[in-house]
Amino acid sequence: MTKKIEVVIFVFFLILSGFFATYKLKESPSVWYDEGFYVQVASNLSIHGKYGLQLLPGEIEPVSRLVTVSYPLIYPLALAFKIFGHNILVARGVMVFFILGFISGVYLLARRTIGISYALGAVALIVTFAPLYGNGKSVLGEVPGLFFLTLSLLSLDRALSNGKKSRLGFIFTGLFAGLCASTKPIFLVFLPAIALTLFIKWHYGKLSKRNIFLLAVSVLVPLIIWVHIQFSFNANITNILSYYIKPFQEKSVYDFIFENLKHFISDSGPIYLLIMIFAWLSGLIIRRRKKIEVSASEITSFAFSILISLAYLRTNGWYRFIFPAQAISFIYFPKSLSLLAEFVGEKLKYPIFSRTIKFFWVIPVFAFSVLGIYQIMFNSFIAEAYKSDKTAFWENYFKNIQSEQIIFFYNTPEVAALNFGAKYYQYISPNGREIGNSGLSVIDLGIPDSIILRTDAFEGNENRFSKYRAQMKAYKYTILIRK
């Protein structure tokens, strides 16, 4: 493949991804619960210079255990708000850059470690993977974390390539690894994954203790910043770490593990991941038997994907928790399919078949890509919201609210995130934990002019809001005003 054709194909995929990432950007997917936290924190940082949520009018309170996505995303988002203004389009515009940055990182990493054709195949799979946009267009930590992860892997490979031991490469590997782990707690498993790789390379005499130390020190720099921002507000670190380990309280960890294991034999998303992991593992075994060296970046990626999959078992089963493992597995899926096909060809011992079967990987990659495009356009989480006007409704609603009016957001952070700059009360109850319940007394006193809450939280609980009546229903929400 000539360089010109390669560039044309990659640019085509980048443009296609840019289209998918920006189409109906404000509405698809709908602004949702967790996203509301992060948009609010970035907006408050931009306006007030304080890192936290507004629970009482004019007061920004740090809530470290709740806002787990940290400064590698929040600070760029706050800067964008400062420069371009406060609205959801600006917030999600930042996410588009992270999506395109991640795709570019995947391409550069795969091109360097597994070859041009396989790299383009990996990009094709990722660009046409609907969860990339379902998770990536929303202001969440998964895609930014993956962006820093690929940069760390790319830096590690460059540092170790051709027998050269680049100190600058190890420094960047550590810095990007630290940024990845600081983006969201789920990416903390990247640190033991990269530590395992370093141990293996050191054990075989391909890495010095000095360079390992240099990388470790570099990792600590962004992690120290993360600890300072996340835990320096007199918070109970033990409780916060407990929340990270067990974020969902409604069931025991063992119940979650049992239920999520069943997903790997019953649901398409986990089954798809299981197939990719199996193919990947088979490819690693084949290379091991043939004594073909596996790159440090691939060892790290495989360990990371396994650890992410294990971490998923302790959650409530949302598939975005295995999305990082899926995204990284795509990088090595085409190459793994090719190795499996060649292995089969060698066993069959038909010369013509053996020469052509190694290109078999193109067929499933093409099929999965076409299916992915169909899902993005017609049958996915993001496609369901293409005709929605929910964000436009709330933007128009808040535009017509008088500045002196007081609003109470009752466990609706995703709606509060669209009310940029206004003073309001807010109560949040994520996963059974209550934040801002000290302000609930103002509802009994009838102080807020209006209350915005989910309809299912209002119906059957009208006595809790006895001084208010329903003004209107909008989507799954009810707006209450004083009687």
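The values are calculated or read from the model by the stated rules, or taken from the named source; none is laboratory data. Treat the numbers as computed from the prediction; the structure is a model and nothing was measured. Backbone-built Cβ (ideal geometry, glycine too); neighbour counts: all protein chains shown. Just the protein is used for accessible areas: all its heavy atoms, side chains included, with ligands, DNA and RNA removed. Shrake-Rupley method; radii C 1.70, N 1.55, O 1.52, S 1.80 Å.
Residues in region 45-62 that are surrounded by fewer than 19 Cβ atoms within 10 Å (Cβ to Cβ) and assigned to a loop (DSSP other than H, G, I, E, B): how many? Matching residues across region 45-62 total 4. Residues in region 317-353 that are out of contact with any Gly (no Cβ under 8 Å at 6 or more places or on another chain), farther than 19 Å from Leu188 by Cβ, of a type outside the set (Lys, Arg) and modelled with pLDDT under 90: Gly317, Ala341, Glu342, Phe343, Val344, Gly345, Glu346, Leu348, Tyr350, Pro351, Ile352. Counting only helices (runs of 4 or more DSSP H) that sit wholly inside region 289-373, those with at least 1 residues that are buried (at least 17 other Cβ atoms within 10 Å of the Cβ) and of a type outside the set (Val, Ile, Thr) are 296-312, 323-348. Taking region 427-471 as the range and being more than 36 Å from the chain's Cα centre (by Cα) and within 18 Å of Trp394 (Cβ to Cβ) as the test, the residues that pass are Asp449, Ala470, Gln471. What are the residues in region 428-466 that are on the phi > 0 side of the Ramachandran plot, surrounded by 12 or more Cβ atoms within 10 Å (Cβ to Cβ) and modelled with pLDDT under 90, if any? Asn431, Gly436, listed by residue number.
Could you list, in sequence order, all residues of region 467-483 that are modelled with pLDDT of 90 or more and among the charged types (D, E, K, R)? Don't jump to the end; show me each part of the working.
First, the residues of region 467-483 that are modelled with pLDDT of 90 or more: 467-482.
Within region 467-483, Lys467, Arg469, Lys473, Lys476, Arg482 qualify.
Selection of region 138-177 for residues being touching a Lys or Arg at 6+ places or on another chain (Cβ under 6 Å) and either surrounded by 22 or more Cβ atoms within 10 Å (Cβ to Cβ) or under 30 Å from Ser28 (Cα atoms) (or both) yields Gly141, Gly145.
Restricting attention to region 65-103, the residues that are within 20 Å of Phe176 (Cβ to Cβ), touching a Gly at 6+ places or on another chain (Cβ under 7 Å) and in a loop (DSSP other than H, G, I, E, B) total 1. For region 120-142, the criterion of being in a helix (DSSP H, G or I) and without any contact (Cβ under 8 Å) to a residue 12 or more places away in the chain is met by none of the residues.
Filtering region 145-189 to residues that are closer than 15 Å to Leu108 by Cα and under 16 Å from the mean Cα position of the chain (by Cα) leaves Leu146, Phe147, Phe148, Leu149, Thr150, Leu151.
Being open to solvent by 60 Å² or more (accessible area, probe 1.4 Å) and either assigned to a helix (DSSP H, G or I) or touching a Cys at 6+ places or on another chain (Cβ under 8 Å) (or both) is true for just one of Lys4, Lys24. Which residue is that?
Numbers: Lys24 fails: either assigned to a helix (DSSP H, G or I) or touching a Cys at 6+ places or on another chain (Cβ under 8 Å) (or both).
Exactly one residue qualifies, and that residue is Lys4.
Please verify whether region 410-420 includes one or more residues that are at pLDDT below 95, open to solvent by 30 Å² or more (accessible area, probe 1.4 Å), in a helix (DSSP H, G or I) and at negative phi. Checking region 410-420: not a single residue is at pLDDT below 95, open to solvent by 30 Å² or more (accessible area, probe 1.4 Å), in a helix (DSSP H, G or I) and at negative phi. Any residue at all in region 382-396 that's basic (Lys, Arg) and touching a residue at least 24 places away in the same chain (Cβ under 8 Å)? The answer is yes, given that some residue of region 382-396 is basic (Lys, Arg) and touching a residue at least 24 places away in the same chain (Cβ under 8 Å).
Of all residues in region 277-308, those that are closer than 15 Å to Ser161 by Cα and in contact (Cβ under 8 Å) with a residue 24 or more places away in the chain total 5. Residue pairs whose Cβ atoms lie under 6 Å apart, separated by 6 or more positions or on different chains, with the first residue in region 432-450 and closer than 19 Å to Asn463 by Cα and the second loosely packed, with under 15 Cβ neighbours inside 10 Å and of a type in the set (S, T, N, Q), are Asp449/Gln405.
For Tyr38, state whether it is exposed (fewer than 15 other Cβ atoms within 10 Å of the Cβ) and under 26 Å from Gln426 (Cβ atoms). So that I can check it myself, show each step before the final result.
Values: exposed (fewer than 15 other Cβ atoms within 10 Å of the Cβ): no; under 26 Å from Gln426 (Cβ atoms): yes.
Spelling it out, it is not the case that Tyr38 is exposed (fewer than 15 other Cβ atoms within 10 Å of the Cβ) and under 26 Å from Gln426 (Cβ atoms).
Of everything in region 36-46 that's of a type outside the set (A, V, I, L, M, F, W, C) and under 20 Å from Asn396 (Cα atoms), which residue is nearest to the chain's Cα centre (by Cα)? Don't jump to the end; show me each part of the working.
Step one: list which residues in region 36-46 are of a type outside the set (A, V, I, L, M, F, W, C), which gives 36, 38, 40, 43-44, 46.
With under 20 Å from Asn396 (Cα atoms) added as a condition, the list becomes 36, 40, 43.
Numbers: Gly36: 15, Gln40: 18, Ser43: 20 Å.
Result: Gly36.
Filtered by the rule that a residue be surrounded by fewer than 22 Cβ atoms within 10 Å (Cβ to Cβ) and within 20 Å of Lys26 (Cβ to Cβ), region 93-112 gives Gly93, Val94, Val96, Phe97, Leu100.
So that you can scan it fast, the table gives a plain yes or no per residue for (1) open to solvent by 70 Å² or more (accessible area, probe 1.4 Å); (2) within 30 Å of Ile435 (Cα to Cα); (3) part of a helix (DSSP H, G or I); (4) at pLDDT below 80:
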site	(1), (2), (3), (4)
Thr197	no, no, yes, no
Lys206	yes, no, no, no
Phe233	yes, yes, no, yes
Ser242	no, yes, yes, yes
Glu250	yes, yes, no, yes
Leu274	yes, no, yes, no
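Working only within region 178-221, note down all residues that are among the basic types (Lys, Arg) and closer than 25 Å to Tyr312 by Cβ. The answer is Lys184, and nothing else.
Cβ-Cβ distances below 7 Å connect the following pairs, each with a first residue in region 461-479 that is in a loop (DSSP other than H, G, I, E, B), a second residue that is surrounded by 15 or more Cβ atoms within 10 Å (Cβ to Cβ) and not acidic (Asp, Glu), and a separation of six or more residues or different chains: Tyr475/Lys390; Lys476/Arg454.
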